Amino acid sequence: MALKDKKQIQKNHSFKQSFTHACFGIYRIFKEERNMRIHTSIAVLVIFVGWLLQITSSEWYWVMACIGWVFVAEVLNTIAENIVDLVTGKTYSELGKHIKDMAAGAVLISACFAGIIGLWIFLPKIWLLLIH
Ligand SMILES: Nc1ncnc2c1ncn2[C@@H]1O[C@H](COP(=O)(O)OP(=O)(O)OP(=O)(O)O)[C@@H](O)[C@H]1O
């Protein structure tokens, strides 16, 4: 069983093992990154509101794409943070700070664009509900 091979450093030898390690990576991100849990809560809320407002299939496409790219940006941010911690040994490094700040900036940019697209889709529908 892949997760029991705690000291494995050789390549995965089956799809199941690759999949298990990938799932473990996702689990660690959820466990360690508060922001990932916040993104997930927002994603669940957005999906619920999308279902309530019966958005169209092309709007679902944009909503799911936005959710996906914010998640991927957060995963890449976490990878950058871990690499900086690994390389610096958690000691202060000006370059390490720049890398972490830039990675966090990438998440912020993706979240802002996702927010704009979300408002674009949902605001007119909410507005219509409010005025009727
Ligand atoms: N080794 C370091 N050297 C210099 N600055 C650092 C270092 N580690 C962290 N920092 C600074 O502290 C901030 C927070 O770092 P941390 O690793 O806690 O990220 P985080 O709180 O998990 O970030 P995020 O909220 O983006 O997930 C970084 O954005 C950076 O400015």
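Every read-out reported here was derived from the displayed coordinates using simple, explicitly stated rules and does not represent laboratory data. Just so it is clear, the structure is predicted and the values come from calculations on it, not from any experiment. All Cβ positions, glycine included, derive from the backbone under ideal geometry; neighbour counts span all protein chains shown.
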Failed item, numbered, when Ala106 is tested on (1) more than 11 Å from the ligand (Cβ to nearest atom); (2) surrounded by 14 or more Cβ atoms within 10 Å (Cβ to Cβ):
(1)
Picking from Val70, Val75, Val44, Val63, which residue would you name as being away from the ligand (no atom under 15 Å from the Cβ), in contact (Cβ under 8 Å) with a residue 12 or more places away in the chain and aliphatic (A, V, I, L, M)?
Val63
Note on Ile38: of the conditions (1) surrounded by 13 or more Cβ atoms within 10 Å (Cβ to Cβ); (2) within 18 Å of Ile109 (Cα to Cα), unmet is (1)
Got at least one residue in the stretch 61-80 being farther than 29 Å from Lys125 by Cα and among the polar types (S, T, N, Q)?
yes
